[in-house]
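Worksheet: the structure to be examined is printed underneath.
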Amino acid sequence: TECCVDTTICRIQNWSIPCLGPTIPNVKLLLLNENLSPTPLDTCGEIFISGEGLALEYFRDPILTQQKFITLPDQAATRAYRTGD
């Protein structure tokens, strides 16, 4: 897989309110805007995952690897997976 199957944990109490919850150990979850900058609270963004559970690449697919696995410029060269969510 691209990353840990379970990345966050959240007890859902109201299905109409999105819940990401805290990350599991050694995983970082980032919500970034189109410029790859962190989003302010209560705004939309794309979910990026980084940390020890991240895969190195897509097997035999360098184009998809280049699209999905990126290095975040303002995050101390953090390598992250672009989820598309």
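Miscellaneous remarks
Yes/no matrix, rows are residues, columns are (1) at pLDDT 85 or above; (2) within 14 Å of residue 78 (Cβ to Cβ):
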| position | (1), (2) |
| --- | --- |
| 8 | no, no |
| 17 | no, no |
| 20 | no, no |
| 29 | yes, yes |
| 35 | yes, no |
| 39 | yes, no |
| 45 | yes, no |
| 50 | yes, yes |
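- Counting only residues that are of a type in the set (Gly, Ala, Ser) and either assigned to a strand (DSSP E or B) or open to solvent by less than 50 Å² (accessible area, probe 1.4 Å) (or both), the range 14-28 holds 1 of them.
- Close Cβ contacts (under 7 Å, 6 or more residues apart or on different chains) running from residues in the range 46-60 that are closer than 9 Å to residue 81 by Cα and among the polar types (S, T, N, Q) to residues that are modelled with pLDDT under 90 and part of a strand (DSSP E or B) comprise 50/28; 50/30; 50/78.
- Condition check for residue 31: without any contact (Cβ under 8 Å) to a residue 60 or more places away in the chain, within 17 Å of residue 83 (Cβ to Cβ) and outside any loop (DSSP other than H, G, I, E, B): yes
- From the options 82, 11, residue that is loosely packed, with under 10 Cβ neighbours inside 10 Å and of a type in the set (D, E, K, R): 11
- Every residue from the range 32-44 that is surrounded by fewer than 16 Cβ atoms within 10 Å (Cβ to Cβ) and touching a Ser or Thr at 6+ places or on another chain (Cβ under 9 Å): 33
- Of the residues making up the range 45-79, those that are surrounded by fewer than 12 Cβ atoms within 10 Å (Cβ to Cβ), under 20 Å from residue 23 (Cβ atoms) and among the acidic types (Asp, Glu) are 52, 74.
The values are calculated or read from the model by the stated rules, or taken from the named source; none is laboratory data. Owing to the predicted nature of the structure, the values given are computational and were not obtained by experimental measurement. In this analysis, Cβ positions are derived from the backbone assuming ideal geometry, glycine residues included, and neighbour counts consider all displayed protein chains. Ligands, DNA and RNA are stripped out before the accessible areas are found, and what is left, the full protein with its side chains, is counted by its heavy atoms. Shrake-Rupley method; radii C 1.70, N 1.55, O 1.52, S 1.80 Å.
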